[in-house]
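The values are calculated or read from the model by the stated rules, or taken from the named source; none is laboratory data. Note that the structure is predicted; figures quoted are calculated from it, not measured. Ideal geometry is used to build each Cβ from the backbone, glycine not excepted, and the neighbour counts take in all protein chains shown. Accessible surface areas use protein heavy atoms only, side chains included; no ligands, DNA or RNA. Shrake-Rupley method; radii C 1.70, N 1.55, O 1.52, S 1.80 Å.
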Protein chains: 2
Amino acid sequence: MSNFSTIDHRAGMFKALSNPHRLALFSRLMSCCAPGTRCNAEKEVRFCVGELGDGLDIAPSTLSHHLKELNRAGLVNMERRGKNIECWVEPSVLDSLAAFFRQI
Amino acid sequence: MSNFSTIDHRAGMFKALSNPHRLALFSRLMSCCAPGTRCNAEKEVRFCVGELGDGLDIAPSTLSHHLKELNRAGLVNMERRGKNIECWVEPSVLDSLAAFFRQI
DNA sequence: ACTAAAGTTCGACATATTTCGAATTGTAGT
DNA sequence: ACTACAATTCGAAATATGTCGAACTTTAGT
């Protein structure tokens with residue numbers, strides 16, 4: 001835990017985003033607002049696992065695996081709600097990633 | 001017109017950044033400027049391939065492979081200058097990546 | 001032309017990733 | 001209790017990746 005460097009942690013995030021299916025899932029969760037606007041915490045977009053996979057043409061087990069990877073990387077939160085499991089992205093995660101690339 | 005979607009293109013960038021060695025290389029270059037210019041007044045930063053690998057403890061062939069991956073993903077530019085090959089990151093690449101995550 | 005330095009390419013090998021189907025778990029409604 | 005639905009776990013197979021050393025290329029200096 002203490003020997004888990006910042007570089008490794010961030011590389012883990014990028015690895016989670018390096019698969020086109022996972023990036024599509026993440027993009028879907030990310031794009032809760034129109035460009036130029038910001039989601040407030042209340043307006044966080046939540047999809048259940050099944051909805052997220054719509055149109056991706058992958059098996060449920062594969063979808064589950066990918067979401068788990070996104071979750072393990074700290075990019076996506078998951079929480080059971082009844083029969084479904086809800087997924088969402090914390091705005092702070094996006095802030096942190098944007099800040100990594102922001103220059104000057 | 002191309003069958004190379006935006007998602008796939010961006011996933012390719014994140015894949016290039018998903019390896020800790022490559023992310024370390026990119027991070028080093030991120031603070032650099034275009035060739036022939038200076039990052040800041042204090043330290044002149046000119047990274048040839050060999051310098052980039054300093055402290056990473058990987059074979060030259062592995063280093064070369066990683067830089068090639070970063071270049072293929074469109075993240076790093078490379079240009080021969082005498083015996084060395086100079087590497088740098090275009091600011092627009094950082095802008096594009098930051099914009100992807102920035103929701104404000 | 002010869003040599004050394006800086007990188008690249010190639011071939012090989014070990015490890016990791018992606019994906020699926022089958023079986024399983026958890027939840028809600030009948 | 002039974003059934004249907006949502007999602008996960010497991011095991012296996014094909015493919016991709018990371019790494020190295022050896023051989024090669026390109027350039028600068030002698």
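General observations
- If the condition is being more than 7 Å from chain B (Cβ to nearest Cβ), within 14 Å of DNA strand D (Cβ to nearest atom) and within 11 Å of the chain's Cα centre (by Cα), then the range A:14-30 contributes A:ALA16, A:ARG22, A:LEU25, A:ARG28, A:LEU29.
- Residues that are open to solvent by less than 40 Å² (accessible area, probe 1.4 Å) and either among the small types (Gly, Ala, Ser) or near DNA strand C (Cβ under 10 Å from one of its atoms) (or both), drawn from the range B:84-104: B:GLU86, B:CYS87, B:ALA98
- Of the residues making up the range A:59-83, those that are within 11 Å of DNA strand C (Cβ to nearest atom), surrounded by 14 or more Cβ atoms within 10 Å (Cβ to Cβ) and within 14 Å of chain B (Cβ to nearest Cβ) number 4.
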